[in-house]
Amino acid sequence: MSPPLLTLYRRLSRWPGGRWLFTRAVCFKAPYFASISPRITLLADGRCEGTLADRRKVRNHIGTVHAIALCNLAELTAGLMTDASLPADMRWIPRGMEVRYLAKARGPLKAVAVPERPIASAPAGYELPVRVGISDAAGAEVFTARIAMWVSPRRGNG
């Protein structure tokens, strides 16, 4: 059985505008992410892809996409990938993030989040590192993040 988030994504993405609607639903549940107007373009077990348009509201004083907007996109895609990939008896929360800014971020950007190790049920909590790479339209990586997700067993009703 697929996690509810993944089931919702699959159901909505079959329809025109479904991915847009899915992203809006995610941003309704976690309103802060709406500040960057992301778009989730792929959600699967072990992978999430999302885009960020280069708009004035996400730019810094030098006209590039702001570092924190990149961090927001990284956290969003990493969280969705983790949620969509987690066994039903486990839960997660982000614990930390290490980032590297590799080049000026300009134009449309694409994030790809993947786990660095298999996601599995466990009797005790464990750290799950998630790698997120953000690339520009030419495919050059402009930003990377390694997000430490704390994965632990659900207790009682979760």
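Is it fair to say A84 is open to solvent by 60 Å² or more (accessible area, probe 1.4 Å) and either aliphatic (A, V, I, L, M) or over 13 Å from the mean Cα position of the chain (by Cα) (or both)? Break it down into steps so the answer makes sense when it comes.
On the way: open to solvent by 60 Å² or more (accessible area, probe 1.4 Å): no; either aliphatic (A, V, I, L, M) or over 13 Å from the mean Cα position of the chain (by Cα) (or both): yes.
When the stated conditions are applied, A84 does not pass them.
Would you check if V132 is closer than 21 Å to A67 by Cβ, touching a Leu at 6+ places or on another chain (Cβ under 9 Å) and part of a strand (DSSP E or B)? Answer is yes for this residue. Of all residues in region 118-129, those satisfying the criterion of being assigned to a loop (DSSP other than H, G, I, E, B) and either in contact (Cβ under 8 Å) with a residue 12 or more places away in the chain or hydrophobic (A, V, I, L, M, F, W, C) (or both) are I119, A120, S121, A122, P123, A124, G125.
Could you check how many residues of region 45-65 are of a type in the set (A, V, I, L, M), open to solvent by less than 30 Å² (accessible area, probe 1.4 Å) and more than 19 Å from E141 (Cβ to Cβ)?
0
Kindly indicate whether any position in region 71-91 is outside any strand (DSSP E or B), among the acidic types (D, E) and either in contact with an Asp or Glu (Cβ under 7 Å, 6 or more places away or on another chain) or closer than 18 Å to A30 by Cβ (or both). Checked against the condition, which is being outside any strand (DSSP E or B), among the acidic types (D, E) and either in contact with an Asp or Glu (Cβ under 7 Å, 6 or more places away or on another chain) or closer than 18 Å to A30 by Cβ (or both), region 71-91 yields at least one hit.
The residue list F33, F22 contains one member that is closer than 19 Å to A145 by Cβ, buried (at least 19 other Cβ atoms within 10 Å of the Cβ) and aromatic (F, W, Y), which is F33. If P115 meets every condition in (1) free of Cβ contacts under 8 Å to residues at least 60 places away in the same chain; (2) touching a strand residue (DSSP E or B) at 6+ places or on another chain (Cβ under 9 Å) apart from one, which number is that one? Against the list (1) free of Cβ contacts under 8 Å to residues at least 60 places away in the same chain; (2) touching a strand residue (DSSP E or B) at 6+ places or on another chain (Cβ under 9 Å), P115 comes up short only on (1). Can you find even one residue in region 88-109 that is under 14 Å from the mean Cα position of the chain (by Cα), closer than 23 Å to P4 by Cβ, in contact (Cβ under 8 Å) with a residue 12 or more places away in the chain and open to solvent by 80 Å² or more (accessible area, probe 1.4 Å)? Within region 88-109, one or more residues are under 14 Å from the mean Cα position of the chain (by Cα), closer than 23 Å to P4 by Cβ, in contact (Cβ under 8 Å) with a residue 12 or more places away in the chain and open to solvent by 80 Å² or more (accessible area, probe 1.4 Å).
Of all residues in region 110-140, count the ones that are under 16 Å from the mean Cα position of the chain (by Cα) and open to solvent by 40 Å² or more (accessible area, probe 1.4 Å).
Looking only at that region, the number is 4.
Are any residues in region 71-81 small (G, A, S) and open to solvent by 20 Å² or more (accessible area, probe 1.4 Å), and if so, which ones?
None - no residue of region 71-81 is small (G, A, S) and open to solvent by 20 Å² or more (accessible area, probe 1.4 Å), so the list stays empty.
Taking region 28-64 as the range and being modelled with pLDDT of 95 or more, more than 21 Å from G96 (Cα to Cα) and part of a strand (DSSP E or B) as the test, the residues that pass are R39, I40, T41, L42, L43, A44, T51, L52. Can you say whether L12 is part of a helix (DSSP H, G or I), touching a Lys or Arg at 6+ places or on another chain (Cβ under 8 Å) and either at positive phi or open to solvent by 10 Å² or more (accessible area, probe 1.4 Å) (or both), as far as the supplied structure shows? Considered against the rule, which asks whether it is part of a helix (DSSP H, G or I), touching a Lys or Arg at 6+ places or on another chain (Cβ under 8 Å) and either at positive phi or open to solvent by 10 Å² or more (accessible area, probe 1.4 Å) (or both), L12 comes out as yes.
The values are calculated or read from the model by the stated rules, or taken from the named source; none is laboratory data. Remember, predicted model here, so these are calculated numbers, not experimental data. Virtual Cβ from ideal backbone geometry, glycine too; neighbours counted across all protein chains shown. Just the protein is used for accessible areas: all its heavy atoms, side chains included, with ligands, DNA and RNA removed. Shrake-Rupley method; radii C 1.70, N 1.55, O 1.52, S 1.80 Å.
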